[in-house]
Amino acid sequence: MSGGPPDLGALAEITDAVQAGAGLPEVLRAAARALDASLIVFDRSASVLAVAVRSPADERALMRVAEGVSRIELKVADASVGQLRLRARDAAAPDRALLQLVSTLIASEVERVRAPERASEQAASAFLRALLRREIGDRGELVTRGKELGIDLAHGSAMIVVRAHPRSPSEEDWRRRLLTVGGRGARSAAPGAISAASDSDPGTIVILAPDTDGSAARRVSAAVLREVESGLTGFTFTVGRSRRAEDPRELHRAANEAMLAANVAEGEPDVTELDFEATGTYQLLLPYMSDPAELKRFYDGTVRPLVAYDEQYETDLVGTLATFLDCDANVNATAARLITHRHTIRYRFERVRELSGLDVQSSDGREKLSLGLKAMRVLGIAAPRGPATEPGAEGGRVRH
């Protein structure tokens, strides 16, 4: 198409498809004929919307952005609505003016197709945020508004929290993709489930799922985990789930349960999913999730000085303390688990006493430090990690 004038007949096919409301797949097929190329359209979350290719080989090349594939950002009024990938039949690129015109028509069609879905997503997110902020207190209103969005809250529901962490720097739109992919996984296991990004952490999504028998939260968390692990590579994930809430007015409490479970799971090695009922004594701290100020003060007065020291000197006082408590306050067992000399462990505990004023050798000191660690986990504060470089560490290094 680069050497001659635009094929007006092919262009007319595109406009006819748009005007007739034939749908994005038909519009893309007409565009592929006009450009003499294979095409794939993605939305902003990198989900495939339509495909028009000459062969499976072309489709594979477009999906992995092989050599000879062009990527065109689709915009409407300066707002990105997706991406067009193109592979021309021959080496010559399509006429630039023609490509711009065709991509504009495709962008308009993407915007038209996606507009109702985005409006629905925004309505679901607004409802979920209002629910979590306790802005809706009447049970009847909660049930009615839920039905308007396609979710039945009259017979029980549950909350699931999903958190993602990139292993390396990633593109900015991964958070939106997390919401899209996670929501899709939730609906596959519990039709009607709705999701929204967390107000406090855009890398966390909150899912509300209908649950009539008490088992939906487990099914949803498993389905969501499968979806996000396959749809977002290069990330680690943590999923926390609540108990079933029979009354929709209990959903604020259920959201706190799911968040607490996710926070506790993040501090456990090799734990990806955690149910609130499996959090043990952490459940005693649930009332503080709604107003964590007191929990934060307790953390500040016990474990925070150790965290600050670890961050500054790349030591592992917090990890050593947690291991010591897991080993029933046995120094030899702690040293064996950390592959560190027991004198190094004792040196660290002296540093703990100096920084916090609490002695791990006393039952009162251990109890307060244990609660301080629990407060840190419930608040979602990650423990710093670093090599044990403090004096006395010659007997070994902490494994990370």
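The values are calculated or read from the model by the stated rules, or taken from the named source; none is laboratory data. In this text the structure is predicted, and so the values were computed from the model without any measurement. Every residue, glycine as well, gets a Cβ built from its backbone with ideal geometry; the counts of neighbours run over all protein chains shown.
Summed over region 299-347, the residues that are more than 18 Å from Met376 (Cα to Cα) and small (Gly, Ala, Ser) give a count of 4. If the condition is being over 17 Å from Arg253 (Cα atoms) and in a strand (DSSP E or B), then region 197-220 contributes Ala197, Thr204.
Applying the criterion of being among the aliphatic types (A, V, I, L, M) and assigned to a helix (DSSP H, G or I) to the residues of region 261-288, the residue that is nearest to Val239 (Cα to Cα) is Ala262. Take Arg249 and decide whether it is outside the structural domain of Arg139 (by TED's automatic domain parsing) and not acidic (Asp, Glu). For Arg249, the condition - outside the structural domain of Arg139 (by TED's automatic domain parsing) and not acidic (Asp, Glu) - is not met. Taking the numbered list (1) within 23 Å of Gly231 (Cα to Cα); (2) part of a helix (DSSP H, G or I) in turn, Phe42 passes all entries but (2). When each of Ala88, Ala50, Ala37 is tested for being under 24 Å from Leu179 (Cβ atoms), modelled with pLDDT of 85 or more, in contact with a Pro (Cβ under 8 Å, 6 or more places away or on another chain) and surrounded by 16 or more Cβ atoms within 10 Å (Cβ to Cβ), the lone residue that passes is Ala50. Could you list, in sequence order, all residues of region 139-188 that are at positive phi and in contact (Cβ under 8 Å) with a residue 60 or more places away in the chain? Answer for region 139-188, where residues must be at positive phi and in contact (Cβ under 8 Å) with a residue 60 or more places away in the chain: just Gly156.
Candidates in region 62-74 are the residues that are among the hydrophobic types (A, V, I, L, M, F, W, C) and part of a strand (DSSP E or B); of these, the one that is surrounded by the most Cβ atoms within 10 Å (Cβ to Cβ) is Leu74. Take the conditions among the hydrophobic types (A, V, I, L, M, F, W, C), under 30 Å from Gly150 (Cα atoms) and outside the structural domain of Ser230 (by TED's automatic domain parsing) and apply them to Val48. Does it pass? Against the criterion (among the hydrophobic types (A, V, I, L, M, F, W, C), under 30 Å from Gly150 (Cα atoms) and outside the structural domain of Ser230 (by TED's automatic domain parsing)), Val48 qualifies.
Residues checked against (1) touching a residue at least 60 places away in the same chain (Cβ under 8 Å); (2) closer than 14 Å to Leu317 by Cα; (3) outside the structural domain of Val307 (by TED's automatic domain parsing); (4) among the hydroxyl-bearing types (Ser, Thr, Tyr):
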{"residue": "Ala333", "(1), (2), (3), (4)": "no, no, no, no"}
{"residue": "Ile339", "(1), (2), (3), (4)": "yes, no, no, no"}
{"residue": "Arg348", "(1), (2), (3), (4)": "no, yes, no, no"}
{"residue": "Val352", "(1), (2), (3), (4)": "no, yes, no, no"}
{"residue": "Leu355", "(1), (2), (3), (4)": "no, yes, no, no"}
{"residue": "Asp359", "(1), (2), (3), (4)": "no, yes, no, no"}
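Restricting attention to region 143-155, does a residue exist that is under 30 Å from Val271 (Cα atoms) and either aromatic (Phe, Trp, Tyr) or touching an Asp or Glu at 6+ places or on another chain (Cβ under 7 Å) (or both)? No - not one qualifying residue is present in region 143-155. In region 309-331, the qualifying residues are those that are touching a residue at least 24 places away in the same chain (Cβ under 8 Å) and among the aliphatic types (A, V, I, L, M), and the one that is surrounded by the fewest Cβ atoms within 10 Å (Cβ to Cβ) is Ala329.
Each row is one residue, and each column tells you yes or no for (1) more than 19 Å from Leu208 (Cβ to Cβ); (2) touching a residue at least 40 places away in the same chain (Cβ under 8 Å); (3) buried (at least 22 other Cβ atoms within 10 Å of the Cβ); (4) more than 17 Å from the chain's Cα centre (by Cα).
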position	(1), (2), (3), (4)
Pro248	no, yes, yes, yes
Ala261	no, yes, yes, no
Thr281	yes, yes, no, yes
Met289	no, yes, no, yes
Lys296	yes, yes, no, yes
Val303	yes, yes, yes, yes
Leu306	yes, yes, yes, yes
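Considering only region 112-122, I want to know if a residue exists there that is modelled with pLDDT of 90 or more, surrounded by 11 or more Cβ atoms within 10 Å (Cβ to Cβ) and either touching a strand residue (DSSP E or B) at 6+ places or on another chain (Cβ under 7 Å) or part of a helix (DSSP H, G or I) (or both). The answer is no; no qualifying residue exists. Looking at Val81, Val53, Val76, which one is hydrophobic (A, V, I, L, M, F, W, C) and in contact with a Leu (Cβ under 6 Å, 6 or more places away or on another chain)? The match here is Val81. Given the structure, is Arg44 surrounded by 18 or more Cβ atoms within 10 Å (Cβ to Cβ), at pLDDT 90 or above, touching an Asp or Glu at 6+ places or on another chain (Cβ under 7 Å) and basic (Lys, Arg)? For Arg44, the condition - surrounded by 18 or more Cβ atoms within 10 Å (Cβ to Cβ), at pLDDT 90 or above, touching an Asp or Glu at 6+ places or on another chain (Cβ under 7 Å) and basic (Lys, Arg) - is not met. For region 289-311, the count of residues that are part of a helix (DSSP H, G or I), of a type in the set (Asp, Glu), at pLDDT below 90 and closer than 24 Å to Glu266 by Cα is at least one. Of the residues making up region 75-103, those that are part of a helix (DSSP H, G or I) and either in contact (Cβ under 8 Å) with a residue 12 or more places away in the chain or not assigned by TED's automatic domain parsing to the domain that holds Gly21 (or both) number 6. Being at pLDDT 90 or above and assigned by TED's automatic domain parsing to the domain that holds Val220 is the requirement here; does Gly182 meet it? Answer is yes for this residue.
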